[in-house]
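The values are calculated or read from the model by the stated rules, or taken from the named source; none is laboratory data. Predicted, not measured: the structure shown is a model, and the values here were computed from it. Cβ atoms come from the backbone with ideal geometry, glycine included; neighbour counts cover every protein chain shown. Areas reflect the complete protein model, heavy atoms only, side chains present, ligands, DNA and RNA absent. Shrake-Rupley method; radii C 1.70, N 1.55, O 1.52, S 1.80 Å.
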Amino acid sequence: MGLIFLFRRLIFAQVLLGIVTFCMAEGNPGMLLVAGALGALSWYVAEGPTGKPLPQWLIIIGAMTAVAVLLGDLYRNQGNVILAMGHFTMWLQVLLLYARKSNRDYGMLMVLSLMQMIGASVITSSLVFALLLVGYCGLALVTLLLFLLKWTGDHVAETNKHAAVRPNDNTRPKAVVGRGHRWHFRLTATGIGLSCAAVAVVMFLVMPRSGESKINSELTNPIAGKQAGFSSEINLDGTPINATGRAPVLNMTVYEDGKHVGDPDRAFLLRGAALDRYDPRTHNWSRTAANNPDQTFELPNQAPMHLARLPERTTLLRADINLRLQTEKVLFTLQPIAAVSRSNLTTVTFNAIDQALGTVTRNSTENNEPIIYSVISPVKPPLNMFDTYLGRMGETGRPLMVEQDGEFEINLPMHYAAGWRNNLPAIRQWALSVLARHGLSRDPDAVYTPQDRHIAELLADHLRSNFRYSLNNPKSSLPGVDPVENFLLSVQEGHCELFAAGLTAACRSLGMRARVVSGYMASDYNRVGRYYVVRQSDAHAWTEVFCGHEGWIAFDATPPQDVAAEHAQARGKLGILSDFFEHLEFTWVNKVVSYDTRARNKLLSTAASSVRNMTTKPDTWSNKVITWFKELPSKVRFDGLTLTIAVVILLFVIVAIASLIYRLIIHSRRLSALQLNRLPRKERRKLVSKLKFYLQMLDMLERHGHVRPSWQSPFGFAQELADANPMRFDPVLALTELFYEIRFGHRELDADRQNRIKAHLQQLEHALVRTDR
C-alpha cells in the first residue's frame, strides 16, 4: 500500500506541476490561480482522510463544460489551437482529480499532462520553463515506473481473485521486497533517466532544427503576436508603449572601431519605425514612407551589405543584435544605419525615405528562434550621407537637399513629414514663444534654414526642462481636444509618445519636416555577459527632424532623468544575480533554442579544428603524449633479455592491478552481505573479523546452489531455507541469529558463541554433503 499511496501523491504533483508550467509558459497568472487552486483542493476533497470523489454524473457535466470552454477559447484566441487545447487538457485533468480513479483514469491523467507539456514547449523558450520541464520529466519517469508496479499488483490481485475458490476471502498480495529495494528503484529510475537524456542529447546534436515549419506560425507560436512594447503604430489615446512586461526583446553588444564600448552609464536609441502621418480623428501615428515601397536585398554571406557611402577614416559603431522577440517584420538599428550583415538572415528590406530596415525571409521560420544580425553606423554622420540612400535605392541620384541662390530644395515627397492641420495657429504660437525667449524666430514658409537643428534642440530642451513625465494618459479638461494640443498647451504632462508627438507638432508648425520614431532605449547593461538587455518596458519614442545636409537628426524630448529612474526601478535590487540569470537565459536561447543546421556545422567545424590542432600543433599536451610514445622505442633500445624482463614485469603489473580490482569488488560484496556499507571504516574492520563465519556460511551455500538475492534480508533468506527443509537448514537459521546478535545487538564474540558457530558450521557442512550424495 505504501507504493500505491506514493504513486497517488506523485501523479498529483505531476499534474499540478504541468498546470503551473503551462500557465507560466502562456504568461497567464489568472489561469494559474484558478486551475492551481482547484487542482490543489482536489486532494482534500477526493483523496483526504474524509474525502469522497465526486459522482460520475457531475464529472460528465464538467467535461461537457470543458468542451464548451474549448470552443470559446478557439473563438476568443482566433483559432489558436495550442492555447485552446492546453486549457482543455488542463480542465480535464482537474476533473479527473476529483473523480474516482481506476488505472485507466491514471493513465489518462499522465497522457493529458504530457500533451499539455508538449503544448507549453511550443509557446515558450524560457530558461525557467526548461528547468521546470527537466523536473517534470524526472517526476513523470518515477510516476510511470510506480504506475507499472501498481498496475502489475492490481493485475495479480485480480487474477488471484478469479482463481480463488472464495473470491471474497482473497487478500491483495504483498510485494516481496528486501532492504535495498528503494535503492534498486532509485538506481533503475536514474539509469533510465540518464539513458533517455543521453539519447535526447545525441538526437538534438545530430538532428538540428530544419527551419522549415509546415504548420501555420499562429499554431506553432500562438502567443508570438502579443505586445512586445514596440509598435509600428502609436495611438496617443492608448496604453503607453513602455507600460508592458519585462520580458527580454533583444540583446545587443556594441563595438566602436572593433573595441567593446558597453557601459552601464551609456545608453543607445534603437530605431524601429519612422511614423510620419498623424490622423487627428483617431489620434494615431502611422508610417507611409511617402508610399515608396520597401526594396528587397539579398545579404552577402561574408561582407556586410553597404547602404551608404562613408569616408575611409570614419569612426564606426557596430551593434551585434540578437532579436529574441519579434512581433512585426522590423529590424532595430542604430541611427543612421550605414551597413547590415547577416547571421541567420538571408533577405532584408530597406526604404530610402525613412531608413526602415525589415525582414522578409530567414534561414529559419520558427518564431521561437532569435534573429541574429549586425548593423554598422558612423559615430558622427558625415554630410550628404543620406544622399547615398537615394542612389542606392535606384532613385534619380539627386542629393537629398539642393541649395541654389540661397534657396533650398528638398528631394523628398512634397507632404512627407510636413504640415500640422490640427489647431496649427495655437501650436505655432507656442513654439514661436519658446524661440522668442532665445531671440530666435523662423519663417513657416521656408523649406529649410541653417538654424533648424538649433531650433529643434531648443524646443526639445524646453520640453525636457518644463514638462513632467508620466506613464498615465493625461485627461483633457475639454471634450474633443487633441492629445497633442492638450499636452503642449494645457496639462504639460505625459508619456514619451506625447513628448515625441509634441516636439514633432511644434517643429512642423514652424515649417520644418519632422517625424515620430518608435523603438527602444537600450540602457540595461548586463555586466556578466557584457551586453545590453532590451526589454518590453524599454519601448521608447522620440523625434527625428530633417536638418539639411546632415539629414535626419534624432531629438529625444523626454526628461532623461525620469526615464533613467524608471528603468533603474524596474531593474530591481538583485544586481549581479539578476545579470547572471539573464545571461544564463540568453545563453540558453542563443545556444540551444536557436540550434540549427548552421550551428551544427559550426560545432562540427570547431570539433574538427580541435582534432587537427591536437595532431598538428606541437605545443598541445595531447600531441606531446603521442610524440613521446612514438619516440620511446628510439630513445630506449632493448636487447632480447631486457625486453623479456620488461614484458614479464608488465604482465605482473597487469595481474596485480586486476587482482586489486577483483579484491575491491569482493570486498564491496562482503560489506554488502554483512550490511556494513554505511558504517565508519574503523567499525567495519572490527565487525568484519567477527562476522567471517557468516561469509563462510554463504560460501558453503553458494557452492551448493543456494545464493541469497541482494534484495533479500539475511533473516528472510534463512527462514526461506529452513521452511523448505528444516532438518537440513536449521544451522543456517541458528547462524543467522548469531549474526544478528553480533551485528545489530552489539554482542561480543565470546568463547561460547565461537563454539556454537563452529558446531553449526560443521553441522551445515555435513548436511550439505549428505544431501549431495
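Please tell me if Leu38 is open to solvent by 50 Å² or more (accessible area, probe 1.4 Å) and either within 30 Å of the chain's Cα centre (by Cα) or among the charged types (D, E, K, R) (or both).
Here the answer is yes, as Leu38 does meet what is asked.
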From (1) at pLDDT 90 or above; (2) of a type in the set (S, T, N, Q); (3) loosely packed, with under 15 Cβ neighbours inside 10 Å, pick out the condition that doesn't hold for Thr89. (3)
List, please: which pairs have Cβ atoms under 9 Å, are six or more places apart or on different chains, and start with a residue in the stretch 316-344 that is within 16 Å of Pro370 (Cβ to Cβ) and free of Cβ contacts under 8 Å to residues at least 24 places away in the same chain and end with one that is assigned to a strand (DSSP E or B) and open to solvent by 10 Å² or more (accessible area, probe 1.4 Å)? none
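Per-residue answers, yes or no, for (1) open to solvent by less than 30 Å² (accessible area, probe 1.4 Å); (2) in contact with a strand residue (DSSP E or B) (Cβ under 8 Å, 6 or more places away or on another chain); (3) among the small types (Gly, Ala, Ser); (4) assigned to a strand (DSSP E or B):
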{"position": "Tyr255", "(1), (2), (3), (4)": "no, yes, no, yes"}
{"position": "Ala273", "(1), (2), (3), (4)": "yes, yes, yes, yes"}
{"position": "Arg281", "(1), (2), (3), (4)": "no, no, no, no"}
{"position": "Thr296", "(1), (2), (3), (4)": "no, yes, no, yes"}
Looking only at the stretch 450-464, which residues are more than 15 Å from Thr543 (Cβ to Cβ) and in contact (Cβ under 8 Å) with a residue 40 or more places away in the chain? Pro450
From the options Ile11, Ile82, residue that is part of a helix (DSSP H, G or I), touching a Pro at 6+ places or on another chain (Cβ under 7 Å) and either closer than 30 Å to Asp154 by Cα or open to solvent by 30 Å² or more (accessible area, probe 1.4 Å) (or both): Ile82
What do you reckon, is Ile372 within 22 Å of the chain's Cα centre (by Cα), in a strand (DSSP E or B) and modelled with pLDDT of 90 or more? no
Residue satisfying all of: in the stretch 424-443; more than 54 Å from the chain's Cα centre (by Cα) and charged (D, E, K, R); surrounded by the most Cβ atoms within 10 Å (Cβ to Cβ) among these: Arg442
Those residues that are more than 20 Å from Arg684 (Cβ to Cβ) and among the charged types (D, E, K, R), I need them from the stretch 725-752; list them, please. Arg728, Asp730, Glu737, Asp750, Asp752
Scanning the stretch 724-739 residue by residue, those at pLDDT 85 or above and open to solvent by 70 Å² or more (accessible area, probe 1.4 Å) turn out to be Ala724, Asp730, Glu737
Got at least one residue in the stretch 130-142 being open to solvent by less than 40 Å² (accessible area, probe 1.4 Å) and over 29 Å from Gly193 (Cα atoms)? no
If you go through Arg753, Arg703, Arg708, the only one that is under 17 Å from Leu674 (Cβ atoms) and modelled with pLDDT under 85 is Arg708
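Results for (1) among the aromatic types (Phe, Trp, Tyr); (2) outside any helix (DSSP H, G or I); (3) modelled with pLDDT of 90 or more, shown as yes or no for each residue.
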residue: Leu112; (1), (2), (3): no, no, yes
residue: Met115; (1), (2), (3): no, no, yes
residue: Ala140; (1), (2), (3): no, no, yes
residue: Gly153; (1), (2), (3): no, no, no
residue: Gly178; (1), (2), (3): no, yes, no
Cβ pairs under 9 Å, 6+ apart or interchain, first in the stretch 520-546 and farther than 26 Å from Ala460 by Cβ, second among the small types (Gly, Ala, Ser) and in a strand (DSSP E or B), ordered by first then second residue, are Val533/Ala522
From the set of residues in the stretch 309-328 that are modelled with pLDDT under 85 and buried (at least 16 other Cβ atoms within 10 Å of the Cβ), which is nearest to Leu250 (Cα to Cα)? Arg324
Confirm whether Arg362 is at pLDDT 90 or above and either farther than 25 Å from Pro293 by Cβ or within 24 Å of the chain's Cα centre (by Cα) (or both). no
Determine if the stretch 62-70 includes at least one residue that is within 30 Å of His155 (Cα to Cα), buried (at least 17 other Cβ atoms within 10 Å of the Cβ) and either modelled with pLDDT under 90 or not β-branched (Val, Ile, Thr) (or both). no
Only residues that are in a helix (DSSP H, G or I) and open to solvent by 50 Å² or more (accessible area, probe 1.4 Å): list them for the stretch 740-758, please. Tyr740, Glu741, Ala751, Asp752, Gln754, Asn755, Arg756, Lys758
State all residues of the stretch 231-252 that are over 27 Å from the mean Cα position of the chain (by Cα) and open to solvent by less than 20 Å² (accessible area, probe 1.4 Å); if no residue qualifies, say none. Ile234, Leu236, Pro240
Kindly list the number of the only condition in (1) out of contact with any Lys or Arg (no Cβ under 8 Å at 6 or more places or on another chain); (2) of a type in the set (A, V, I, L, M); (3) outside any helix (DSSP H, G or I) that fails for Ala501. (3)
Open to solvent by less than 70 Å² (accessible area, probe 1.4 Å) and within 55 Å of the chain's Cα centre (by Cα): which single residue out of Leu721, Leu687 fits that description? Leu687
